[in-house]
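Read-outs: derived from the displayed coordinates by stated rules, not from any lab. These numbers were taken from a predicted model, which means no experiment stands behind them. Counting neighbours? That spans all protein chains shown, and the Cβs are built from the backbone with ideal geometry, glycine included.
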Amino acid sequence: MSTSKPTRRFLDACRVVRGGGFSLEERRTDDDGGLGLDKKAGEAALRAAVARIADGQERLFADARWSVLVILQAMDAAGKDGAIRHVFSGVNPQGVSVESFSAPSALERAHGFLWRHDVALPRRGRIGVHNRSWYEEVLVPRVRPELLAASSIPPGLLGPDVWEERLEDIAAHERYLARQGVVILKFYLHLGQEEQRERLLARVEEPAKNWKFRAEDLDDRGRWPAFAAAYDAAIRATAAPHAPWYVIPADRKWLARLLVAEAVAGTLEGLDLRFPEIDPRARKGLDQAREALAEGATRS
C-alpha cells in the first residue's frame with residue numbers, strides 16, 4: 001500500500017532540505033496538515049505504515065547495499081521513545097539497532113564528538129535509530145557554555161566560531177555518509193511548551209511515570225528560547241537533500257508517530273531494493289534439492 005497523497009503532501013511540507021531562513025517559530029506544533037484524521041484512523045494508518053517498513057526492512061537486509069540512519073531530536077517529553085517503539089514495532093530485530101545517547105562517558109570525551117556516534121552507525125542492509133545524536137554537541141553545550149569550558153579540548157580550539165565549525169563538520173560528515181550509501185533521515189519532534197508542561201506534570205503526578213522525570217527537565221524548560229535558537233541554527237546549517245530534516249508537529253503523539261513511519265516507509269520504498277537473483281548454477285542446485293526432497297516424501 002502506497003502512502004496516501006494528503007499524508008505525503010503534509011510530510012513534504014514538514015521536510016526541510018534547504019535551511020536558509022528556517023525558524024521553528026514559523027512551524028505549528030499542533031498542525032494536522034488538514035488530513036482530517038482522528039486518533040483511531042491515524043493509528044490504523046500507522047499499522048499499515050509499520051507493515052510497509054517491515055517489508056522494506058526485509059528487502060533492505062537482503063539487498064545489502066544501503067543502510068538507513070534515523071536520527072530523532074526533540075525537547076524533553078516530545079515522544080522520541082514512544083515514536084521508536086511504535087514505528088519499528090514490526091521489524092526483525094536482527095536488522096535494526098537502537099542507540100540512546102546520554103551525556104558522554106570519560107572514554108567518549110577522550111575522542112572527537114563524532115566518534116561515539118560513528119561506532120554505532122548501521123552496517124549495509126541495516127536500519128540504525130539514534131535517539132539523540134551528534135547534534136547534542138551543538139545544542140546542550142551551546143546552551144550551557146560551562147559544559148564546553150569543562151571539556152578536555154584545548155582552549156585555543158574553542159573560539160567564538162566553534163558552533164559554526166562543528167555544524168560545518170556535521171554537514172560534511174553527513175555528506176560523506178550519504179556518498180557511502182547511508183540514507184539519513186533526521187526528525188525534530190516539534191513540541192509546544194504548553195503540551196510539554198502537561199506531559200512533565202503527568203510524569204510528576206503518575207507513579208508509573210515518576211522514573212521518567214529529571215530535575216534537569218525544568219531547568220531545560222527554562223532555557224526554551226536558547227534551545228530553540230540552537231535548533232534553528234543546526235537545521236539551517238545541515239538541512240540538505242541527502243540529509244533532510246523533518247520537523248514533525250508533536251503535540252499529537254499518534255500523528256507524530258504516523259508521520260515518522262510514513263517517512264521511513266516511503267524512503268525504503270524509494271530505494272528500489274531487490275532480493276538477490278539466483279544465478280543458473282544455483283538455480284540448478286535448487287532444482288536438484290527439490291527433486292531430492294520430493295523423492296524423500298514419496299519414500300516416506
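Of Y188, A239, L258, whose Cα points farthest to the positive end of the dipole of the stretch 5-299 (charges on the beta-carbon: +1 Lys, Arg; -1 Asp, Glu; origin at the Cα centre)?
So the residue furthest toward the plus end is L258.
Averaging sequence separations of C-alpha pairs under 8 Å and six or more residues apart, then dividing by the length of the chain, give the relative contact order as a whole percent.
Result for the chain is 35 percent.
Counting only the backbone N, which residues of the stretch 228-251 are under 19 Å from the spot 7 Å out from the Cα of S23 toward its beta-carbon?
228-239, 247-249
Who wins for biggest fluctuation among D287, D169, D219 in a Gaussian network model of the chain, springs between alpha carbons below 10 Å?
So, out of D287, D169, D219, the one fluctuating most is D287.
Among the aspartates and glutamates, select those whose C-alpha is under 19 Å from the C-alpha of K212, and discard any that sit fewer than 8 residues away in the same chain.
K212 reaches D76, D81, E99, E194, E195, E198, D220, D251.
For the stretch 113-141 and the stretch 241-300, what is the separation of their Cα centres, given in Å?
25 Å
Identify the trypsin sites (Lys or Arg not before Pro) of the stretch 256-300 meeting these criteria: DSSP loop state and at most 14 other C-beta atoms within 10 Å of the C-beta.
Taking the stretch 256-300 and a limit of 14 other Cβ atoms within 10 Å, the loop trypsin sites (Lys or Arg not before Pro) found are R274.
Among G79, L60, V16, which residue has its Cα positioned farthest towards the positive end of the charge dipole of the stretch 1-87, with +1 placed on the Cβ of Lys and Arg, -1 on the Cβ of Asp and Glu, and the dipole taken about the Cα centre?
Working it through, the farthest residue towards the positive pole turns out to be L60.
Any idea how far apart K284 and E168 come out in nm if each label point goes 7 Å out from Cα toward Cβ?
Spacing of the two 7 Å Cα→Cβ label points: 6.0 nm.
Which residue fluctuates most in the GNM of the chain (Cα springs below 10 Å): Y231, Y246, Y176?
Judging by the Gaussian network model, the answer is Y176.
Please give the FRET efficiency for L114 paired with Q193, using the beta carbon to beta carbon distance and R0 = 22 Å, rounded to the nearest 0.05.
Here the calculated transfer efficiency is 0.10.
Run the reach check for K40 against lysines, Cα to Cα strictly under 23 Å, same-chain hits fewer than 8 apart removed. What comes back?
K5, K80, K253
What dipole magnitude, in Debye to the nearest 20, does the chain give about its Cα centre under +1 on Lys/Arg Cβ and -1 on Asp/Glu Cβ?
About 860 debye.
Calculate, for S105 and R65, the FRET efficiency according to 1/(1 + (r/R0)^6) with r their C-beta to C-beta distance and R0 35 Å; round to the nearest 0.05.
0.55
Find how much the distance from Y176 to E269 grows on full extension, using 0.36 nm per residue of separation minus their present alpha carbon separation; answer in nm with one decimal.
Result for the pair: 31.2 nm of gain on full extension.
Obtain the radius of gyration and the Kirkwood radius of the stretch 226-276 from its C-alpha atoms and give Rg over Rh.
When Rh is taken as the Kirkwood radius, the ratio is 1.10.
Kirkwood hydrodynamic radius, computed over distinct alpha-carbon pairs, for the stretch 5-299: how many Å, to one decimal?
After inverting the pairwise mean of 1/r, the radius is 21.0 Å.
Express the C-alpha Rg of the stretch 178-292 as a ratio against the empirical globular expectation 2.2 N^0.38 Å, rounded to two decimals.
1.73
How far apart, in nanometres, would the label points at L218 and S4 be if each is projected 7 angstrom from Cα along the Cα-to-Cβ direction?
4.2 nm
Starting with the highest mean, order 151-160, 102-111, 125-134, 15-24 by the number of other Cβ atoms within 10 Å, averaged over the residues of each peptide.
Ranked from most to least packed, the peptides come out as 125-134, 15-24, 102-111, 151-160.
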